[in-house]
1. Contour minus end-to-end for Arg84 and Val279, with contour as 0.36 nm per residue of separation and end-to-end as the Cα-Cα distance?
2. Nearest-5 percent of antiparallel DSSP beta bridges in segment 396-538?
3. Provide the FRET efficiency to the nearest 0.05 for the Val397-His155 pair, computing r from the beta carbons and using R0 = 41 Å.
4. Local charge sum around Arg396 (other residues, Cβ-Cβ under 14 Å, Lys/Arg +1, Asp/Glu -1)?
5. How many nm is it between the label spots at Arg132 and Gln4, if each spot is 7 Å from the Cα in line with the beta carbon?
6. What FRET efficiency do you get for Asp77 and Ala258 if R0 is 30 Å and r is their Cβ-Cβ distance, rounded to the nearest 0.05?
7. Which distance in nm do the two modelled labels at Arg23 and Val121 give, with both placed 7 Å along the Cα-to-Cβ direction?
8. If the chain between Ser358 and Ser522 were fully stretched, how many nm would it gain, using 0.36 nm times the residue separation less the Cα-Cα distance?
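The values are calculated or read from the model by the stated rules, or taken from the named source; none is laboratory data. Predicted, not measured: the structure shown is a model, and the values here were computed from it. Cβ atoms come from the backbone with ideal geometry, glycine included; neighbour counts cover every protein chain shown. Remember, those area values only see protein heavy atoms, side chains included, never the ligands or the DNA or RNA. Shrake-Rupley method; radii C 1.70, N 1.55, O 1.52, S 1.80 Å.
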Amino acid sequence: MSAQPLLSVRDLRISYTSRGVTREVVHGVSLDIAPGEVVAIVGESGSGKTTVAQSLIGMLSHNGRISGGTVMFDDMDIARFSDRAWRNLRGDAIGLVPQDPTVSLNPVMKIGPQVSEPLRVHRGLSRKDAEREAIRILAESGLTNPKARAEQYPHQLSGGMRQRVLIGMALACTPRLVVADEPTSALDVTVQRQILDHIDGMIAAHGTAMLLITHDLAVAADRAQRIVVMCKGEIVEEGPAVDIMAAPRHPYTKKLLAAAPSLSTPSVKAAPAPAADGVDDRVIRLDRVTKQFHLPAGGVLTAVDDVSLDIRRGETLGLVGESGSGKSTLARIVLQLEKQTSGEVYIDGAPTSELTPSKVRWLRRRMQVVYQNPYASLDPRFTVASIIDEPLRAFRVGDRRQRRARVLELLDRVSLPAETARRRAEELSGGMRQRVAIARALALSPELLVCDEPTSALDVSVQAQVLDLLTELQRDLGVTILFISHDLAVVRQISHRVAVMQFGVLRECGDAEQVFTAPADSYTRELLTSIPGRELVA
């Protein structure tokens, strides 16, 4: 530790006021970060780690305030900064990588101008020079065809691509400190490694420090010199990363490490029932499916390229690959939310190309989806009861009394108390929201459940609970699951078979244990070697 830290936090206390009641949520946090040092704060959702990060960049919500302590950055007490002072500092000397790429980018502004904006504001670059530099930053952040991406809007990029854009924006002005709030939770392991290697390079070249907020203990172990463990607004343990991972002292730290999935974590999956002799057990069959999109800058993007694949009844098929590999597009084709450019999708042996719109709607009753982000997938205007009840009303299932009973049954099924039905999504934690999303998906008793990165936004202990829940549902209800994830340890834990995609191409598909222990494809081997913290948590 340097004698003169770049950032010094002493006895930080943060309070929120709601309905006239003030409650302290961060209790006396103290930490130092030296130039060029990476410090990780880990802890479950609600531990206060993101609140601490927001206070260090002047972005607490309107009802939050620093109620005690000091935050010294480069000999300035930034805890007392005005909004004007923060605008001059944030994006220049302090960079921010926010947690949620879905809501952190302007939806009506193209990617290029959003990346070039800090260069024009803080570096005084001309529009043309800033646009040229923005394309370089996008390429450096790992985006393919950066010139075309600069002309796209956020909704036209995958979650991982949007996160890479945010990382590029945070590093654009070569800040002295980067506050990274879950910067890699939406990224696959290879891009995660590239991005973190890039940040490491900046640290080495410019003495940039980083405060890394993460629930991924493997990333913290891999990249941080020191780890700070938070629980209920307090620091419960702090020390060198190697010591924390190898010999944790506090019971809470031990609990976090025990819940973290790794390639050696015992599988939670139950074996599907074998198909009867002569019976085709394929719920979904894709035959040479291709999907192409026309890009705004010209040209064609082939998101799915001649893929043939099947999903068997009662199994979990894990679908893995880098952001932009085509796995989410493939899932949307399976759900008939996108129409393939060529090829055919068969459901229970029937081609979907022959279905009328009314039959497609009826088909969707049999297939439901759990989305990646529980903060964006639930309508904030609705109560939990209305969210779960909506598909029942849409398909006119039961009367009001029967639907009410079904809502309570589903809440119990996902281990949420009955009183949750009266609450709104904004009142729930991330793990509770995802349980509500699963309950909603189960409302119509679907045969196929498509889970698109359902645990990437969750901390490790809640993630373990959700995986156990999905396995229990499959065992009890016989539901078939298409499980999309970039977390290979999670995929191995829950999947019977694994399919690996890259650039829209199916590179490998086979039994999960076979793919993970003896991968046949070089790309699969690259994914496995890119997993962070293998030596510490595997």
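1. 63.3 nm
2. 55
3. Rounded to the nearest 0.05, the efficiency is 0.85.
4. +3
5. Result: 3.7 nm between the two label points.
6. 0.15
7. 3.2
8. Using 0.36 nm per residue and subtracting the Cα-Cα distance, I get 54.7 nm.
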